[in-house]
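What follows is a set of notes on a single structure, which appears directly below.
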There are 4 protein chains.
Amino acid sequence: MEKVTILKLDCPDRVGLLSRITGFIAGLGGNLLEVHQFSDLLSNWFFARLEIDTASLPIGLPAVGLAEKFRPLADELKANWSVRNGAEPRRMVILVSKLDHCLIDLLWRWRAGEIAAELPAVISNHPDLRLMVQREDVAFFHVPFDRGKQEAFGRIRSILLDVGADVVVLARFMQILPPELCEEFEGRIINIHHSFLPAFIGANPYRRAYERGVKLIGATCHYATAELDDGPIIEQEVMRVEHYHAPSDLLRLGRDCERLALARGVRYHLADRVLLHGRRTIVFRD
Amino acid sequence: MEKVTILKLDCPDRVGLLSRITGFIAGLGGNLLEVHQFSDLLSNWFFARLEIDTASLPIGLPAVGLAEKFRPLADELKANWSVRNGAEPRRMVILVSKLDHCLIDLLWRWRAGEIAAELPAVISNHPDLRLMVQREDVAFFHVPFDRGKQEAFGRIRSILLDVGADVVVLARFMQILPPELCEEFEGRIINIHHSFLPAFIGANPYRRAYERGVKLIGATCHYATAELDDGPIIEQEVMRVEHYHAPSDLLRLGRDCERLALARGVRYHLADRVLLHGRRTIVFRD
Amino acid sequence: MEKVTILKLDCPDRVGLLSRITGFIAGLGGNLLEVHQFSDLLSNWFFARLEIDTASLPIGLPAVGLAEKFRPLADELKANWSVRNGAEPRRMVILVSKLDHCLIDLLWRWRAGEIAAELPAVISNHPDLRLMVQREDVAFFHVPFDRGKQEAFGRIRSILLDVGADVVVLARFMQILPPELCEEFEGRIINIHHSFLPAFIGANPYRRAYERGVKLIGATCHYATAELDDGPIIEQEVMRVEHYHAPSDLLRLGRDCERLALARGVRYHLADRVLLHGRRTIVFRD
Amino acid sequence: MEKVTILKLDCPDRVGLLSRITGFIAGLGGNLLEVHQFSDLLSNWFFARLEIDTASLPIGLPAVGLAEKFRPLADELKANWSVRNGAEPRRMVILVSKLDHCLIDLLWRWRAGEIAAELPAVISNHPDLRLMVQREDVAFFHVPFDRGKQEAFGRIRSILLDVGADVVVLARFMQILPPELCEEFEGRIINIHHSFLPAFIGANPYRRAYERGVKLIGATCHYATAELDDGPIIEQEVMRVEHYHAPSDLLRLGRDCERLALARGVRYHLADRVLLHGRRTIVFRD
């Protein structure tokens, strides 16, 4: 990711779009390492992600410069778009409660380089996971919820702004976010829900999955919106279960679904591989 | 299946149950080819399926004789139970509308011996699939629905009784069965629903799956009950979908899920591998 | 497929390629419905598939005309390429022996429109499946192998040439093709092998899978080459198996893997979605 | 696991076996919480695992006492068998090199209670992972290999004997074990190989998978034997890959396969859920 510049855009579809955009990059001598495009024929909308070898761009043309040059075309196309220098990773903040399986997985992948981001903070409503975070040299903030949600979320928002959070990951954070926060960070809050949505929205999905007698359990990584478990889905994972699996077994098996789905979703988001289209996502997977 | 006798039962759990039951079989010299048991610790209930080599039972001891001998023990255990001679396959009737993918799959598996049943009739509310059925030497009944559902379902019920149907398979039959029929054939009507229930109950599940932007579609094979898509689940199958899959692609991909889930569910049921426990099923798969 | 024109190409990678190619299409007013491209950074090779709305091309510009116009650019790029009018489907011939599960699946998908091809002939070394083929109004050729392989394959080759076969599908055809035939139809013979290659190359893979005690069985759809089971892989499918599955169960379960993998591979090939790169394939799936 | 006693056995099959064994347990008043049995009809061999509520056994009847009582029957049946008190977990030693993904996953699951064992030592031929181990309060032994394999494995063997290792887990340990050690710990050394065996035995399986162009990669958890990657398979996991996945992507994606397959295999082994039958395993999964 360090040596690439990523152009991401979506706009109304029309003839010659890809030619215009790739022609623009070619005109700068830019070498395309990876190109994804998708024309949604139902809504007549165009989506693209272009990964450009930064070294092939004119010397001294950082992402901000490329953006400047691209703006007129983007305006003409009425595009939603962004240009990002892969060498400047996003700043990710993780929110957790007491369950540690998603956190430890994210920390390991982050340390291993699978997840390309800076990690200025982990925030929790409980102190339990402090050691696990600090031993990775990551700042841990304990924000107790005993004086009310409003104050606590005010505190969380302050931390997010202080550390310059670009992305917020809810790694089994057991509190429902206030709508204002969801809106302020729209499209930048990633949640993991422990069911294959839209089945079992809300609390205790494994218990309800057990009672319904499903033969597959799952986990869903999605953008958080003001409406609970209703945001655009980025990734889902499922696992087969049998009659002999008690609710506690579903919890155990489900942890692996959760970890895999969340890790993939976060990775895709951080690499600008997810484009939003109403309640749907376009995911150019890697 | 031809050479085995199957004892299936469930009852309140208690110490020594499996010993009592296997002791009973051993006392007759019966050779157990396959034994499954499951103790549900949450509800304290016991489930078992025993497959006995018919040839090892005393000569002239057909299933009905074995049942007679087993009855006192079964009564003592307060068991729900059945004994069946595998050489006497069940009589299965398939209900279809116009979509043929599940029907043709079942017909092929039936002809190939994957599904062990007699097939005295296929019933449809449309005439379209007559040829496909008759060329397999299976009787086809066209029951039009233009004079009202009540009359049509009366006709269907007559056919089911006439041909001695043990099992009714709804192979994408696009009509909702009346509650009386569901009750009369309780635990013997197998439906395929084209979503991973409990998501997308009811009509147009693929369209709604598309609109919700799920990353996995599925199919659910379940027993039909009076409440729509709410019966005990026997089997589920899922398939990954991507943003570039239009609703018509979901239909196409989903057909494979439907065929697999339905075929497995029907196979398990016909081999007495499914035990009911409220809304849950115990499935001793093969 | 009927209303689209498909341009498929691969060539040495270089800066500005996609711009050149899409610029060419845009210059003709062509509307791109679907674009896939892949730059293999390891071999520095470029692959693309462009699906163009035929109606957007200048009136009277059939595939052959588009090809004529594209040739100079293709020559400059040193590309392997093809242009095909989706309204002119390929001619597919299926070779079978006695096992019918892949054949019946292909026939159903072909009739249902999942597989877009003409089907001028099915050829078998046994007469058993004649009825199954003829009832679909497809010509069936029985080519006995009792007078030697050479004569039989000579006969098969004649039929392939007579009916103008573009694609040959080996749907569990239990004879090894002679190297000359593999070369004559290179990249156009699709085989299904009943293992997850490269495990269990050759005969009796299910028996050997059983003996090795694997926990997953599979099937591999690949292009046939002169070396047995060694050609480029198009698609693979696997299924979990347990200790209680005897070899006959693996056969049964494997049939579903084989049908799915073969059907997908054939579909991708017929839609020009498979590009060859040495022993590897680039598959732009749908 | 703490409150259960586990009886595991296999022996030649014969009529009345399960009755004899469950009768023995019932005679002691033992409450069976979980029973698995499997009759292998091909080899005429019987396998069983019985989980007994320890509290239901006569007071003061520990596993060793139960074993004493069971011995005469076991001798008569010519059984391989064991009785184990779940309250006395096995002693597991993990061997690693530099790759940490399997180790960190096992450590987390062990800490979380998914893997029930004592963990007296982690041994490595490199010092890199010392901190990761010690921070979990587990002893770390660095055994360098620079003075030759023989001496190093002598040292490893000493540690295994010193700490009383019951089970040895090779968590991507990049050294081939000497045959003597494999024999000494036969059926107790669990390895993870990064391919779906028997494909890609030996070194660099991901690179070779890439070159062969497979569409699925996998990992195999198996017992180590003197012959490389040839021991009985306990568990396998696979993941779909695409043409755009470079060898480095296969490494990344494969790590998740490896972690899942190894964790499950280790869990099953530690809970006496794996029975050996030549090169095959019977796995009574949970």
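Bear in mind that the values in this text are calculations on the coordinates, not laboratory data. The shown structure was predicted, so the numbers you read here are calculated from the model rather than taken from an experiment. Heads up, the Cβs are rebuilt from the backbone with ideal geometry, glycines too, and the neighbour counts pull from every protein chain shown.
Laid out as a table, the results:
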quantity: Estimated 222 nm signal from helices in chain A, with DSSP H stretches of n ≥ 4 weighted -39500 (n - 2.57), rounded to 500; calculated: -10500 deg cm²/dmol
quantity: Rounded to 5, the percent of DSSP beta bridges in chain C classed as antiparallel; calculated: 70
quantity: In sequence order, calculated HN-Hα J values of the range C:90-100 (Karplus, 6.51, -1.76, 1.60; Hz; x Gly/Pro); calculated: 6, 9, 10, 10, 9, 10, 9, 10, 10, 5, 9
quantity: Subset of B:3/D:8; D:3/D:69; A:69/C:3; B:3/B:98 violating a 28 Å alpha-carbon distance limit; calculated: B:3/D:8; A:69/C:3; B:3/B:98
quantity: Assigned charges on the beta-carbon of Lys, Arg, Asp, Glu; the protein assembly as shown dipole about Cα centre (debye); calculated: 0
quantity: 5 Å binning of all Cα-Cα separations within chain A, expressed as whole percents from 0 upward; calculated: 1, 5, 12, 14, 16, 15, 13, 10, 7, 4, 2, 1, 0
quantity: Calculated FRET value between residue B:64 and residue A:212, using beta carbons and R₀ = 51 Å, to 0.05; calculated: 0.85
quantity: Cβ-based exposure ranking for B:136, C:118, D:180, in which fewest neighbours within 10 Å come first; calculated: D:180, B:136, C:118
quantity: The protein assembly as shown: antiparallel DSSP beta bridges as a percent of all, rounded to 5; calculated: 70
quantity: Long-range HN-HN contacts of residue B:143 with modeled amide H, under 5 Å; calculated: B:124, B:125, B:126
quantity: 14 Å beta-carbon shell around residue A:3, net charge (K/R +1, D/E -1); calculated: -4
quantity: Neighbourhood charge, 12 Å Cβ-Cβ cut-off, centred on residue D:216 and excluding it, Lys, Arg +1 and Asp, Glu -1; calculated: -1
quantity: Nearest-0.05 FRET efficiency for residue A:242 and residue D:277, computed from C-beta distance (R0 22 Å); calculated: 0.50
quantity: Averaged over B:18-30, number of beta-carbon atoms from partner chains that fall within 10 Å; calculated: 5
quantity: Global form of the range A:4-85, assessed from the alpha-carbon gyration tensor, a/c cut-off 1.5; calculated: prolate
quantity: Span from the the range A:220-237 Cα centroid across to the the range A:36-98 one, whole angstrom; calculated: 23
quantity: Partner aspartates and glutamates for residue B:215 [C-alpha distance under 12 Å; skip if fewer than 8 residues away on the same chain]; calculated: A:235, A:237, B:242
quantity: Charge dipole (the range D:4-85, unit charges on Cβ, about Cα centre) - positive-most of D:74, D:36, D:21; calculated: D:74
quantity: Ranking of B:18, B:99 by count of other Cβ atoms within 10 Å, fewest first; calculated: B:99, B:18
quantity: Relative contact order [Cα under 8 Å, 6+ residues apart], chain B, whole percent; calculated: 15
quantity: Neighbour-count order for A:229, B:105, C:137, C:256, fewest beta carbons within 10 angstrom listed first; calculated: C:137, A:229, C:256, B:105
quantity: Residues of type aspartates and glutamates that residue C:149 reaches as a straight line, Cα spacing below 15 Å, ignoring anything fewer than 8 places off in the same chain; calculated: C:180
quantity: Overall form of the range B:128-208 per C-alpha gyration tensor (a/c, 1.5; a/b vs b/c); calculated: prolate
quantity: On Cα atoms only, tilt of D:247-270 relative to the major axis of chain D in degrees; calculated: 20
quantity: Degrees separating the helix C:63-77 axis from the principal Cα axis of chain C, which is the longest one; calculated: 80
quantity: Square roots of five times the Cα gyration tensor eigenvalues for the protein assembly as shown, Å; calculated: 47, 41, 31
quantity: Note, ³J(HN,Hα) from phi for the range D:140-150, Karplus 6.51, -1.76, 1.60, rounded to Hz, x at Gly and Pro; calculated: 10, 10, 9, 10, x, 9, 6, 9, x, 5, 4
